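Reviewing the structure listed below.
The values are calculated or read from the model by the stated rules, or taken from the named source; none is laboratory data. Note that the structure is predicted; figures quoted are calculated from it, not measured. So basically every Cβ, Gly included, is an ideal-geometry build from the backbone, and we count neighbours across all protein chains shown.
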Amino acid sequence: MSTKSLIRRLAFPAMFAALVSLPGGATAADRTTDVKVIEEIVAKVNGEIITRGELAATKALIQAEAAKQGLTGAALDEAVTRVSSDALRDQIDQLLLVQKGKDMNINVDADVNRWIADMQRTSGQAETDKFHAWVREQSGESIEDLKLKYKNSLLTRRVVGEEVYRNVTIPKGEMQKYYEEHKAEFVRQETVTVREILVSTGDKSPAKIAAAEKKAKEIVDRARKNEKFSELARQYSDAETAKEDGMLGTFTKGQLNETIEKTVFPQKKGYVTDPILVGNGFEILRVEDRTVEGQAAFEEVQNEINNRLAEPKVQPKLRELLTSLRSTAFLQIKPGYVDSGAAPGKDTTWKDPAQLKPQTTTKEAVANQRRFKKFLKVVPYGRTGVKDTSEAAAPTVTPVQQTPIQNADSSPRKK
C-alpha cells in the first residue's frame, strides 16, 4: 500500500471498518495472524462512526485534567475510570445532536467562518498556508479538524438551546425568592480583570529603555484608538501571556503590584493604562472587567440565578431528548463497549457482515434458483399480493401470412 493510499484511508475512516497491513504474498491462512489493526470502529451511529482511538484520546484528556486538579495514585485512577465510563455515551450524544441540528436545517457556517477570521487576525498570519501551519502548531490539529469540532460544538449548543432550554422557564418570582434566601452567596469582593502587554527593556541600557518606552507609548495610542488590545498583545507583548491574548487574570486587592493596583482598581471597564515601568520592561494594562465590593443587586445576578435554577430541570429533559433520538437511530455497538445512556429496549447488537452464513445450502435450492431466473423476463417486477389461480384465457392470435420458401432457382421448395 502506498503512502498516499494510507493517508487517504486515514483521512476517511468511515469508509473502512478496519485498516490492516498485509505482507506481500500472504496466504489466506497467514492473514489471521499477520493482520495489524490500525483503527477499530466500536460504534456506528446513523452512518457515522466512533473509533477506539477517539475513546482513547478522550480518556487521555480526562486523565490530564484530573492530574491538573491534583489527583494522584488510586484517587486519580478511580476518577479517570468513573468519568471514562461515560465516554462512549458522550460521543454518541454529540453525534445524535449534530445530526438533529442538520435535520433542523440549522446553519452555523457564518459563525464558523467569523471565528476562523478572528483567529487569523489574532495570529497575525495573513497568508493562508502560514496561518494553517500556525493553527497546527498552536492546537496540534489541522484547520479542517478544528473547524469541524467548532461547528459540531455550535450545532450541539443550538439544538440543546432550542429543544431543551427554550422549554424550561423560571418565573421571575421564583428567582427573586432564591435571591432573598441566598443573599450571602451574592456578596462580592472588589475584583478587577486585566490584560497586559509587556515591552521588554532587554539589557536595561539607556538606549534599550528609551526604545522600549517609545514603542510602549505607540501601542497605548493604538489601543486607545480602539484597536483590539488582544491582537496587540499577541503581536507585540514579550510576556508569556501573549499566547492567551494578553489575559493576565482576575485579582482582588493585595494580589497585584502596589503601583499597578492603585492604577487599575479605580478605573472602569475598557481603561488602558499609560506604560508602567516594572522590573523587566514597560507594562501596559487594560481593564477587562471589574466588580464592586458589596451586595450584588438582583438585576446583576439574575442570569446566574436563572442558570442555577434551570440546570436541575435541563439535565433530565436533555437525557429524555437523547433517549428519544437513540430509539429511532441506527445504532450498533461492538461487544465489550457500553453506552451508559442506552435507550430501554433498543437493540444495538453489533452485526458483522463477514460472519453472515450462506442462505442457499442445497442442490435443490440452487436448481430452483436457476429455474426462477429463466422466468424473470415474464414476471412483472415488484408484483406482490395473492397468487392468481384462475384459468388463463386462451390467447388471441392473429394469423400471419407465410411467404413460400423458394429454392435458389425460384421454384417452390418441397416440404
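In the range 312-330, which residues are in contact (Cβ under 8 Å) with a residue 40 or more places away in the chain and closer than 27 Å to VAL168 by Cβ? Talk me through it step by step, then tell me what you get.
Step one: list which residues in the range 312-330 are in contact (Cβ under 8 Å) with a residue 40 or more places away in the chain, which gives 313-314, 317-318, 321-322, 325-326, 329-330.
Result: LYS313, VAL314, LYS317, LEU318, LEU321, LEU322, LEU325, ARG326, ALA329.
Taking the range 45-93 as the search range and keeping residues that are assigned to a helix (DSSP H, G or I) and hydroxyl-bearing (Ser, Thr, Tyr), which one is farthest from ALA329 (Cα to Cα)? Lay out the reasoning, then the answer.
Step one: list which residues in the range 45-93 are assigned to a helix (DSSP H, G or I), which gives 52-68, 73-84, 87-93.
Checking the rest, the ones that are also hydroxyl-bearing (Ser, Thr, Tyr) come to 58, 81, 84.
Values: THR58: 23, THR81: 28, SER84: 23 Å.
Here the residue is THR81.
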Worksheet item: Looking at the range 95-117, which of the residues that are touching a helix residue (DSSP H, G or I) at 6+ places or on another chain (Cβ under 6 Å) and either of a type in the set (S, T, N, Q) or under 19 Å from ILE50 (Cβ atoms) (or both) is surrounded by the most Cβ atoms within 10 Å (Cβ to Cβ)?
Response: LEU96
Worksheet entry | Which listed residue is in contact (Cβ under 8 Å) with a residue 60 or more places away in the chain, more than 25 Å from ALA184 (Cβ to Cβ) and aromatic (Phe, Trp, Tyr), from PHE251, PHE298, PHE282 | PHE282
Worksheet entry | Neighbours by Cβ (under 7 Å, 6+ apart or cross-chain): first from the range 213-231, in contact (Cβ under 8 Å) with a residue 60 or more places away in the chain; second aromatic (Phe, Trp, Tyr) and part of a helix (DSSP H, G or I) | ILE219/TYR236; ALA223/PHE229
Fill in: From the options ILE197, ILE170, residue that is in a loop (DSSP other than H, G, I, E, B) and either under 29 Å from LYS253 (Cβ atoms) or over 17 Å from the mean Cα position of the chain (by Cα) (or both)
ILE170
Worksheet entry | Selection from the range 200-214 of residues that are part of a helix (DSSP H, G or I) and more than 24 Å from LEU256 (Cα to Cα) | PRO206, ALA207, LYS208, ALA210, ALA211, LYS214
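So, in the range 99-156, how many residues would count as being in a helix (DSSP H, G or I), closer than 21 Å to LYS228 by Cα and not aromatic (Phe, Trp, Tyr)? Can you show your working first?
Going through the range 99-156, the residues in a helix (DSSP H, G or I) turn out to be 99-103, 109-123, 128-139, 143-156.
If we keep only those that are closer than 21 Å to LYS228 by Cα too, we end up with 111-123, 131, 134-135, 138.
Still in the list and also not aromatic (Phe, Trp, Tyr): 111-114, 116-123, 135, 138.
Qualifying residue count for the region: 14.
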Fill in: Residue among GLU218, GLU258 that is at pLDDT 95 or above, of a type outside the set (Gly, Ala, Ser) and over 30 Å from ASN303 (Cβ atoms)
GLU218
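Each row is one residue, and each column tells you yes or no for (1) at pLDDT below 95; (2) more than 26 Å from MET104 (Cα to Cα); (3) aliphatic (A, V, I, L, M).
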residue	(1), (2), (3)
ASN307	yes, no, no
ALA310	yes, no, yes
VAL314	yes, no, yes
THR323	no, no, no
LYS351	yes, yes, no
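Touching a residue at least 24 places away in the same chain (Cβ under 8 Å), among the basic types (Lys, Arg), out of contact with any strand residue (DSSP E or B) (no Cβ under 9 Å at 6 or more places or on another chain) and surrounded by 14 or more Cβ atoms within 10 Å (Cβ to Cβ): does that describe ARG195? Spell out how you get there, then give the answer.
Working: touching a residue at least 24 places away in the same chain (Cβ under 8 Å): yes; among the basic types (Lys, Arg): yes; out of contact with any strand residue (DSSP E or B) (no Cβ under 9 Å at 6 or more places or on another chain): no; surrounded by 14 or more Cβ atoms within 10 Å (Cβ to Cβ): yes.
No; evaluated as a whole, the condition is false for this residue.
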